[in-house]
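> What follows is a single structure, and I will ask about it in a moment.
Each value in this text was obtained by applying a stated rule to the coordinates, not by laboratory testing. Since the structure is predicted, the reported quantities are computational estimates derived from the model, not experimental observations. Please note: Cβ atoms are built from the backbone with ideal geometry, for glycine as well, and neighbour counts cover all protein chains shown.
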Amino acid sequence: MKIRTLGRHVREGAKNLGRNGWMTFASVSAVSITLLILGVFLILALNVNHIAQTVEKQVEIRVFLDVLADKTIATQVQDQIEANPKVDTVTFISKEEGLEQLKKRFGQNAKLLEGLEDDNPLPDTLVVKAKVPSETASIAKEVKGLEHVEDVSYGEGTVEKLFTATAAIRNVGIIFIVGLAFTAMFLIANTIRLTIMARRREIEIMKLVGATNWFIRWPFFVEGLLMGSIGALIPIVILTGGYYYLVDKVNTSMTVVFFSLLPMNPLSYQVALILISIGAFIGIWGSMISVRRFLRV
Amino acid sequence: MIEMFDVWKTYANGTNALKGVSVKIDKGEFVYVVGPSGAGKSTFIKLMYREEKPTKGQIFLGGFNISKIKERQIPIVRRSIGVVFQDFKLLPTLTVYENVAFAMEVIETPTKLIKPRVMDVLGLVKLKHKAKMLPNELSGGEQQRVALARALVNNPGIIIADEPTGNLDPDTSWEIMKLFDEINNNGTTVVMATHNREIVNSMRRRVIAIEGGEIVRDELRGEYGYED
């Protein structure tokens, strides 16, 4: 294709948006509204996932060593656990440190613990974190079999329930997003089809005077691309603005909340990129499918 | 220029529109295609510009076997044909000038050649002064002249017209016919399906009559021959 022809197609595609003003408006609105809904759910799903991850990361295994264990044995056990490829970090907490932590947790009632320093009943503890949180249970089992390990504790039962819940939330989120994306695609493609139906005479005439099929397609391609991208820009602006406001509210003033929203910076770019790609893709796809029907003369 | 050998056309619904038509139209001829409604005239015309494909038989047009050509070659064939319809088929959002220029743009004519050629053809159909108007601001006859200008602008060797005067009053019809005559005098082959008895009878050109999907009459200086 010659550069001049490409220029003509781009010009023509852009001009057609104006010429078919109302149809353009209808298509762009359809893209905007569906992508807005999709965007809201996308942000929601990403944040729910983020919160689930935060919660999962708090899961850890506490390994209590037996009373005979001294510092050397503790290091040996720590090395053994670290050798496990599923394990991320192992931290050693001596019984003295353990008592300090306990005191802190008691706060004003720490006096109750006075006198325990001389005869510390707490065991030395190793805190193990899994690389993948859902592996926690199996790591705990393996660790429990090691020598000098008195007991392990990782919130058995509760943790399993937590993982089932977060997995369910993720799956529902994915199904929802995919379903919504498909609905959006068909809705938008349909609207674009209507706008092209109104122009089958134009296509018919182009064919009659000997335009090649690709020559006919290109302006529609450009038009679809523009409609999809413009349609995506509107929800991107709304969502970024809205999210900025929300992050500001939640992450600064509501510090008591145990979770935080995903930061503005990567999220808004990611969502913008996703929406604009979907918009452009369905714009092009919708108009190509529709033109194809009229090209079969 | 155009040759058909034993051409049959059966539509998907089972209608036998043409049953073994053979005909030869030479370069520079002016041919009327007449016959009752539903006799196969339109099919005959549509086969020539490859809107329809024959079920059986061969059609040659300007060096192409258009019953055999591939889909992507159709545009090439169409560029050697100008087509005019009863309902003009103008684009309502484009001006007269743009409607004609459109036909040159879509076959990728260099921009600087378009304007002089469009103005030339608009001069030929006497519509230069209305170049900036939209089709709905014109009369039926004027709209048909724009359509004719569009058909002519790429210098086709053949003009195919399907009832070009069907929507026009007698006076306007004559104006259009005079233009077709002029075009034919310049060497362009004209094939025209028509119901206009008066015009066919007074112009005295070759007449091909189609009835029931067959050519029943082919006379060099023919008459319309029907009483409708």
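> Add +1 for every Lys or Arg and -1 for every Asp or Glu among the other residues with Cβ under 10 Å from the Cβ of A:ILE73, and state the total.
-3
> Whole-Hz Karplus ³J(HN,Hα) for the stretch B:17-27, in order, using 6.51 cos²θ - 1.76 cosθ + 1.60 and θ = phi - 60°, x for Gly and Pro?
My calculation for the stretch B:17-27 gives 7, 10, 10, x, 9, 10, 7, 9, 10, 8, 4 Hz in order.
> Counting each DSSP H run of 4 or more residues in chain B as -39500 (n - 2.57), what helix-only mean residue ellipticity at 222 nm follows after dividing by all residues, to the nearest 500 deg cm²/dmol?
Mean residue ellipticity, 222 nm, calculated: -9500 deg cm²/dmol.
> Shifting gears a bit: Work out which helices of chain A, taken as complete DSSP H runs, extend at least 15 Å along their axis over the Cα atoms and score a mean Kyte-Doolittle of 0.5 or more, then list them.
A:21-57, A:158-197, A:213-248, A:264-295
> Let me ask another. Which residue, A:ALA280, A:ALA69, A:ALA184, tops the fluctuation ranking in a GNM of chain A built on C-alpha contacts under 10 Å?
Comparing A:ALA280, A:ALA69, A:ALA184 in the GNM, the peak value goes to A:ALA69.
> I've got another one for you. Using the beta-carbon distance between A:ARG293 and A:LEU112 and R0 = 56 Å, what value does 1/(1 + (r/R0)^6) give for FRET efficiency, to the nearest 0.05?
0.10
> Another one. Report, by chain and number, residues whose modeled amide H sits under 5 Å from the one on B:GLU214, excluding near sequence neighbours (fewer than 5 apart, same chain).
Hits under the 5 Å cutoff: B:LYS19.
> On to the next question. With a/c under 1.5 counting as rounded, go ahead and sort the stretch B:27-185 into rounded, prolate or oblate using the C-alpha gyration tensor (a ≥ b ≥ c being the square roots of the eigenvalues; past the cut-off, prolate if a/b is larger than b/c, else oblate).
oblate
> When the Karplus curve 6.51 cos²θ - 1.76 cosθ + 1.60 is applied with θ = phi - 60°, which whole-Hz ³J(HN,Hα) does each residue of the stretch B:163-169 get, with x for Gly and Pro?
6, x, 9, x, 9, 10, 6
> Could you please state, rounded to a whole Å, how far the C-alpha centre of the stretch B:1-55 is from the C-alpha centre of the stretch A:38-86?
Between the Cα centre of the stretch B:1-55 and that of the stretch A:38-86, the gap is 81 Å.
> Next up: For A:SER29 and B:GLU71, what does the FRET efficiency come to when R0 = 35 Å and r is the distance between their Cβ atoms, rounded to the nearest 0.05?
0.45
> Hey, another quick one. Could you give the distance between the Cα centres of the stretch B:135-208 and the stretch A:145-196, to the whole Å?
The distance from the Cα centre of the stretch B:135-208 to that of the stretch A:145-196 comes to 68 Å.
> Is there a pair in A:LYS207/B:LYS126; A:LYS2/B:LYS68; A:LYS207/B:LYS19; A:LYS2/B:LYS27 whose C-alpha atoms are over 32 Å apart, and which pairs would that be?
A:LYS2/B:LYS27
> At what distance in angstrom do the alpha carbon centres of the stretch B:64-82 and the stretch A:266-297 lie from each other?
Measuring centre to centre over Cα atoms gives 33 Å.
> Within the set B:LYS89/B:LYS130; B:LYS53/B:LYS112; A:LYS57/A:LYS95; B:LYS24/B:LYS115, which residue pairs have Cα atoms separated by over 26 Å?
B:LYS53/B:LYS112; B:LYS24/B:LYS115
> Taking the square root of 5 times each eigenvalue of the Cα gyration tensor, what semi-axes in Å does the equivalent ellipsoid of the protein assembly as shown have, largest first?
In descending order the semi-axes read 83, 24, 17 Å.
> Rounded to the nearest 500 deg cm²/dmol, what is the calculated helix-only ellipticity per residue at 222 nm for chain A, with -39500 (n - 2.57) per DSSP H run of length n ≥ 4?
One gets -24000 deg cm²/dmol as the mean residue ellipticity at 222 nm.
> Would you kindly derive the ³J(HN,Hα) couplings of the stretch B:74-82 from the backbone phi angles with the Karplus curve 6.51 cos²θ - 1.76 cosθ + 1.60 (θ = phi - 60°), listing them in order in whole Hz, with x for Gly and Pro?
With coefficients 6.51, -1.76 and 1.60, one gets 4, x, 4, 5, 4, 6, 9, 10, x Hz.
> Can you give the % of DSSP beta bridges in the protein assembly as shown that are antiparallel, to the nearest 5?
Looking only at bridges with both residues in the protein assembly as shown, the antiparallel portion is about 65 percent.
> Over the stretch A:46-118, how many percent of alpha carbon pairs lie in each 10 Å bin up to the one with the longest distance?
P(r) over the stretch A:46-118, rounded to whole percents: 15, 32, 31, 18, 3, 0.
> Moving on. How well do other chains shield peptide B:65-75, expressed as the mean number of their Cβ atoms within 10 Å of each residue Cβ?
On the way: counts 0, 0, 0, 0, 0, 0, 4, 3, 1, 5, 11.
Averaged over the peptide's residues, the number is 2.
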